[in-house]
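Student: Please find one structure pasted underneath; my questions will follow.
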Amino acid sequence: MKTFDLFKLDGKVALVTGGGRGIGKYIATGLAEAGADVVITSRKMKNLEATASELEKETGRKVVPIACDVAKEEDVEKMVQAVKERFGRIDILVNNAGATWGASTLDFPLERWDQLFNVNVRGVWMLTQKVARIMKEQGGGNIINISSVMGFRGSEELAHPAVPYNSTKAAINVLTMNLAVKLAPFKIRVNAIAPGFFRSDMMAYIEKPEFKEAHDMVIQGIPLRRIGDADDMKGLVVFLASDASAYMTGHIVINDGGMLAK
C-alpha cells in the first residue's frame, strides 16, 4: 500500500462521543476529512446539529448527530443500536466525552468526585464494551480513548483546581493498555491520546482576563509556548484510526506541546 493510502478512511464508520464542540469536533472533522462517515454524540443536540451540518458541507461525508449521555446506560444502549441500524457497523470508536469541575482540593465535594469518575471512566468502559462486541462480530475495529497529560502528573491548584480529573485519566491510561491486550485476539486495536492544553469549552476559562496568572503559568509550562488547536489533533487521530498505525496497540500518545518532557 502506498504511504498516502495508509491514512485513508474511505468506507469506515466512526463514532465520536462529545463530538459537537472542542476537541471532539476537531476529531470528527479530521476523520470526516480522511473519508469516514461519522456519528457524533453529546448531551446537547443543538451543538451536534450545527457541527453535523457544517462538516457535511465541508467534507461531503455523512455526519449524523445523536443525543446521548454516556453516563446513562439506557442512552448508550439506544445510541449504539441507532448507529448499527443506520450503518450496519462501527469501525472506529473515539471515547472523547468527559467532564471536569473546579473546586479547591481541600473543599472538593464527594458527589462531584463521583460524577467525574462516572462520566470519565465508567461511561468510557460502558460504551467501549458494547461497541467492542459489534467490532468482534464484524472482524475487528479501532478504539481511541482521549486521556490527558494530567493522567501522568500532578497539577498546580491555580491552573487546574480539579483534583479527581487526573485520577480519572490515569484510569483511562491503564484501561487502554488492558483492553489492548484483551481485545487483540479479536483484531481490535486500542490506543489513547493524552492531550495537554487545547482550545475547548472545558479549558476556555484559561484565556479569560481574570485568569491571566493561570494562563501565564500554563504557557510557561509548555515548551512550544502555545495552546493546542484543531490541526494539532486532526492528524494524530487520523493516524491512530487508520492503517498507518496498524501495528500499534496499547499506546498512550502524548500530545502536549512538550509539557511532560519539561
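The values are calculated or read from the model by the stated rules, or taken from the named source; none is laboratory data. Small disclaimer: the values here were computed from a predicted structure and weren't measured. Counting neighbours? That spans all protein chains shown, and the Cβs are built from the backbone with ideal geometry, glycine included.
Each row is one residue, and each column tells you yes or no for (1) surrounded by 17 or more Cβ atoms within 10 Å (Cβ to Cβ); (2) polar (S, T, N, Q); (3) closer than 25 Å to Ile144 by Cα.
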| position | (1), (2), (3) |
| --- | --- |
| Asp216 | no, no, no |
| Ala230 | no, no, yes |
| Leu240 | yes, no, yes |
| Ala246 | no, no, yes |
| Thr249 | yes, yes, yes |
| Val253 | yes, no, yes |
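Student: Just to check your reading of the model, which residue among Lys169, Lys208 is within 27 Å of Asp232 (Cα to Cα), crowded, with 22+ Cβ neighbours inside 10 Å and not β-branched (Val, Ile, Thr)?
Tutor: Being within 27 Å of Asp232 (Cα to Cα), crowded, with 22+ Cβ neighbours inside 10 Å and not β-branched (Val, Ile, Thr) holds for just one of Lys169, Lys208, which is Lys169.
Student: Being on the phi > 0 side of the Ramachandran plot and at pLDDT below 95 is the filter here; which residues of segment 19-41 pass it?
Tutor: At the first step, the residues of segment 19-41 found to be on the phi > 0 side of the Ramachandran plot are 22, 35.
Once the filter is applied, which keeps residues that are on the phi > 0 side of the Ramachandran plot and at pLDDT below 95, segment 19-41 yields only Gly22.
Student: Quickly run through segment 205-262 and pick out the residues that are at pLDDT below 95 and touching a strand residue (DSSP E or B) at 6+ places or on another chain (Cβ under 8 Å).
Tutor: Ile227, Gly228, Asp229, Leu260, listed by residue number.
Student: For Ala230, are the conditions met, namely being among the aliphatic types (A, V, I, L, M), under 21 Å from Ile90 (Cα atoms) and within 15 Å of the chain's Cα centre (by Cα)?
Tutor: Considered against the rule, which asks whether it is among the aliphatic types (A, V, I, L, M), under 21 Å from Ile90 (Cα atoms) and within 15 Å of the chain's Cα centre (by Cα), Ala230 comes out as no.
Student: While we're looking at this one, here's another question. I need a count of the residues in segment 16-58 that are over 14 Å from Ala97 (Cα atoms) and either among the aromatic types (Phe, Trp, Tyr) or part of a strand (DSSP E or B) (or both).
Tutor: Qualifying residue count for the region: 2.
Student: Also, I was wondering about something else. Can you tell me which residue is farthest from Asp37 (Cα to Cα) among those in segment 72-123 that are polar (S, T, N, Q) and in contact (Cβ under 8 Å) with a residue 60 or more places away in the chain?
Tutor: Thr100
Student: Then there is this: For segment 3-14, does any single residue satisfy the condition of being free of Cβ contacts under 8 Å to residues at least 12 places away in the same chain, outside any loop (DSSP other than H, G, I, E, B) and farther than 23 Å from Ala230 by Cα?
Tutor: No, segment 3-14 contains no residue that is free of Cβ contacts under 8 Å to residues at least 12 places away in the same chain, outside any loop (DSSP other than H, G, I, E, B) and farther than 23 Å from Ala230 by Cα.
Student: Would you confirm, using the coordinates I've provided, whether Val253 is under 24 Å from Asp5 (Cα atoms) and touching a Gly at 6+ places or on another chain (Cβ under 8 Å)?
Tutor: Answer is no for this residue.
Student: While we're looking at this one, here's another question. Starting from residues that are more than 17 Å from Met79 (Cβ to Cβ) and out of contact with any Lys or Arg (no Cβ under 6 Å at 6 or more places or on another chain), keep the ones in segment 123-138 and report whichever is surrounded by the fewest Cβ atoms within 10 Å (Cβ to Cβ).
Tutor: By that ranking, first place goes to Glu137.
Student: Being closer than 22 Å to Asp231 by Cα, in contact with a Pro (Cβ under 8 Å, 6 or more places away or on another chain) and free of Cβ contacts under 8 Å to residues at least 60 places away in the same chain is the requirement here; does Thr51 meet it? Before you say what the answer is, go through the steps one by one.
Tutor: Values: closer than 22 Å to Asp231 by Cα: yes; in contact with a Pro (Cβ under 8 Å, 6 or more places away or on another chain): yes; free of Cβ contacts under 8 Å to residues at least 60 places away in the same chain: yes.
Answer is yes for this residue.
Student: Just checking, which of Lys44, Lys62 is at pLDDT 95 or above and surrounded by fewer than 23 Cβ atoms within 10 Å (Cβ to Cβ)?
Tutor: Lys62
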